[in-house]
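Right, one structure below, let's go through it.
The values are calculated or read from the model by the stated rules, or taken from the named source; none is laboratory data. Predicted, not measured: the structure shown is a model, and the values here were computed from it. Note that we place each Cβ from the backbone using ideal geometry, even for glycine, and neighbour counts take in every protein chain shown. The protein model used for the area step is the full one, side chains on, heavy atoms only, and it has no ligands, DNA or RNA in it. Shrake-Rupley method; radii C 1.70, N 1.55, O 1.52, S 1.80 Å.
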Amino acid sequence: MHRLKHLICRSSHVPLRTTSLSKHAWQHARFQTQGPPEQYGLKRFSTAEATVDTGHPITMREKTLTMATLNPQVKAVEYAVRGPIVIKAGDIERGLQEGVKQPFTEVIKANIGDAHAMGQQPITFVRQVVALCCFPELMDSPAFPDDAKQRAQRILQDCGGHSLGSYSASQGVECVRRDIADYIAQRDQGVPADWNNIYLTTGASDGIMSILKLLVSGQGRSRTGVMIPIPQYPLYSAAISELEAVHINYYLDEANCWALDIEELQRAYMTAKHHCQPRVLCIINPGNPTGQVQSKKCIEEVLHFAYEENLFVMADEVYQDNVYSPDSQFHSFKKVLYEMGPEYFSNVELASFHSTSKGYTGECGFRGGYMEVLNMDPQVKAQLVKLLSVRLCPPVSGQAAMDVIVNPPQRHEPSYAQFTKEKRAVLDALAHKARLTEEILNSVPGMTCNPVQGAMYAFPQIFIPPRAIQEAQSLSMAPDMLYCLKLLEETGICVVPGSGFGQREGTYHFRMTILPNPEKLKVLLEKLKEFHLRFLEEYSQQEPQTNRNAQDQHSEMSKKPD
């Protein structure tokens, strides 16, 4: 109370001669503050109210968080998949909705592998089980098949309070982890899988980030180096920048359908040893953005290399169901490691990742995923659990969706026929669109595209005339960024520049998804073809060698880069 009186007097400029106020001074103070002292005392500590009451001009203090004080690792993060081109596409799309005239009627977002956003329908069984888990009262409905109800009941039985709204263990719901282990053993034709090595994650990205956090340490030349494929999915470069680790780029062989060359791995490793400590080898198979499926022999060579150099292997296998080429087959890194013998299987540290977001389900929004971790030091595993505990647990609805993907209807169950039909329809459509994309892109002069063996993307190489390169440089942007920006502004097609994924110097690419429905994909590809020919014509008009036609350009760009 003494301090309150002191504040009143200080604000009303009433001198405080004693510890008590005269009646006149007290009334004067109340008049000045326009309220009882208790209310005024609260206002003293409310900046917004005090400013409004006094009517004085607002004095803006210096902000605590500015670009100068921002964590520099955050500034170093780049994520091209949702970068400037996509922001521009959003602006154009809003303009179209408000009646702004454009030379097109819609923006086609081919920048990201978001299947449902591109019109793919959910797999019925997945949604049925998750719906039952979310609203158990539906268990009494005859509209839901018994096998969906049984799965939902089993998942809820393992949830706190039998509710999907409760936290799970940090590693995930136990029955889901057990189902994942059974799935892996079946997928890998009997290779043993321990559910204690399974961790549910918020999409595959969360697991990848968690493992990288464990691996990054040291300073200067002892700082952890992370080997990533180029082209790569920007999650990896972004995570490495955020954690202040060292990028070690190894280049995939574009002239050999984006194969992984072991000699290139060795070159990158030996070069990096001069300035960091390589500890991690990241592989994306099937590839993103390149769409290749690595052979079993290639995987064996990679695992042998990791064994010899004592590297921790991170196998991103989220597209394992997305294999379209009849000459290609998915081989898990774990299965190949097992078949190489106990010396390898007992020693090579391996984390492999899967997700609800890709495959035939495309359930990106559930943010479901898992990782299997092999040969991790037991004390480090305890630290991993601690790290995961900080986030409490992944979304339990996403865990339920992941369970359905690894535990689909069996042949004897009522949902089997519909589930199999829907799954086959999605994968057949993707295979058709992969062939269509490859064929049309390769028919365009000044453009070449490797076979889309798997995943959800094409990554064609494009010829960009020197005049366009000079214009891009004058605008301080990558040449393929200029190309993609003009493509968006003239056609409404949103794709991602190859520079956002990494590419050999002097080559230019873009990544596009094959997810639009076949009719829209044909429209997209035809508009892309027309744009590319206009682009070549516009920027080749003043070329010194005016007799060099587009076919010559196509032949030149198809040569293997140095």
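Among (1) touching a helix residue (DSSP H, G or I) at 6+ places or on another chain (Cβ under 7 Å); (2) closer than 18 Å to W195 by Cα; (3) touching a residue at least 40 places away in the same chain (Cβ under 8 Å), which single condition is S352 missing?
Condition (3) is where S352 drops out.
Among the candidates S443, S476, which residue alone is under 25 Å from N322 (Cα atoms) and assigned by the TED database to the domain that holds E93?
Values: S476 fails: under 25 Å from N322 (Cα atoms).
The unique qualifying residue is S443.
Being among the acidic types (D, E), surrounded by fewer than 24 Cβ atoms within 10 Å (Cβ to Cβ) and either touching a residue at least 12 places away in the same chain (Cβ under 8 Å) or in contact with a His (Cβ under 8 Å, 6 or more places away or on another chain) (or both) is the filter here, so list the residues in the range 283-316 that pass it.
E300, E301, E309
Of the residues in the range 216-256, how many are in a loop (DSSP other than H, G, I, E, B) and buried (at least 19 other Cβ atoms within 10 Å of the Cβ)?
6
Would you be able to tell me the number of residues in the range 173-215 that are of a type in the set (A, V, I, L, M) and open to solvent by 50 Å² or more (accessible area, probe 1.4 Å)?
The qualifying residues number 1.
Picking from E263, E242, which residue would you name as being among the charged types (D, E, K, R) and either within 18 Å of V318 (Cα to Cα) or at pLDDT 90 or above (or both)? Steps first, answer last, please.
Working: E242 fails: either within 18 Å of V318 (Cα to Cα) or at pLDDT 90 or above (or both).
After applying the criteria, what remains is E263.
If Y539 passes every condition in (1) out of contact with any helix residue (DSSP H, G or I) (no Cβ under 6 Å at 6 or more places or on another chain); (2) over 18 Å from N442 (Cα atoms); (3) assigned to a helix (DSSP H, G or I) but one, which one does it miss?
Result: Y539 passes all but (1).
Please state which of the following conditions A400 fails to meet, knowing it meets all the rest: (1) out of contact with any His (no Cβ under 9 Å at 6 or more places or on another chain); (2) within 23 Å of M456 (Cα to Cα).
(2)
Looking at the range 521-542, which of its residues are open to solvent by 10 Å² or more (accessible area, probe 1.4 Å) and within 28 Å of the chain's Cα centre (by Cα)?
Of everything in the range 521-542, those that are open to solvent by 10 Å² or more (accessible area, probe 1.4 Å) and within 28 Å of the chain's Cα centre (by Cα) turn out to be K522, V523, K527.
Here are some conditions: (1) surrounded by fewer than 21 Cβ atoms within 10 Å (Cβ to Cβ); (2) at pLDDT below 90. G500 meets all but one. Which one does it not meet?
Single failed check for G500: (1).
Given (1) open to solvent by 50 Å² or more (accessible area, probe 1.4 Å); (2) free of Cβ contacts under 8 Å to residues at least 60 places away in the same chain, where does E489 come up short, assuming only one miss?
(2)
When S170 is evaluated against the numbered criteria (1) open to solvent by 40 Å² or more (accessible area, probe 1.4 Å); (2) in a loop (DSSP other than H, G, I, E, B), which criterion, by number, is the only one it fails?
(1)
What pairs come out if I take residues in the range 409-428 that are farther than 14 Å from I123 by Cα and pair them with residues that are of a type in the set (G, A, S) and open to solvent by less than 40 Å² (accessible area, probe 1.4 Å) whose C-beta lies under 9 Å away, six or more apart or interchain?
Close Cβ pairs satisfying both conditions: P414/A148.
List the helices (runs of 4 or more DSSP H) that sit entirely inside the range 394-512 and contain at least 3 residues that are over 18 Å from F535 (Cβ atoms).
By residue number, 396-406, 416-442.
This table checks each residue for (1) open to solvent by 10 Å² or more (accessible area, probe 1.4 Å); (2) basic (K, R); (3) under 20 Å from G172 (Cα atoms).
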| position | (1), (2), (3) |
| --- | --- |
| E372 | no, no, yes |
| A382 | yes, no, yes |
| P395 | yes, no, yes |
| Q399 | no, no, yes |
| I405 | yes, no, yes |
| P414 | yes, no, no |
| Q418 | yes, no, no |
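So which of R154, R178 is assigned to a helix (DSSP H, G or I) and touching a Phe, Trp or Tyr at 6+ places or on another chain (Cβ under 6 Å)?
R178
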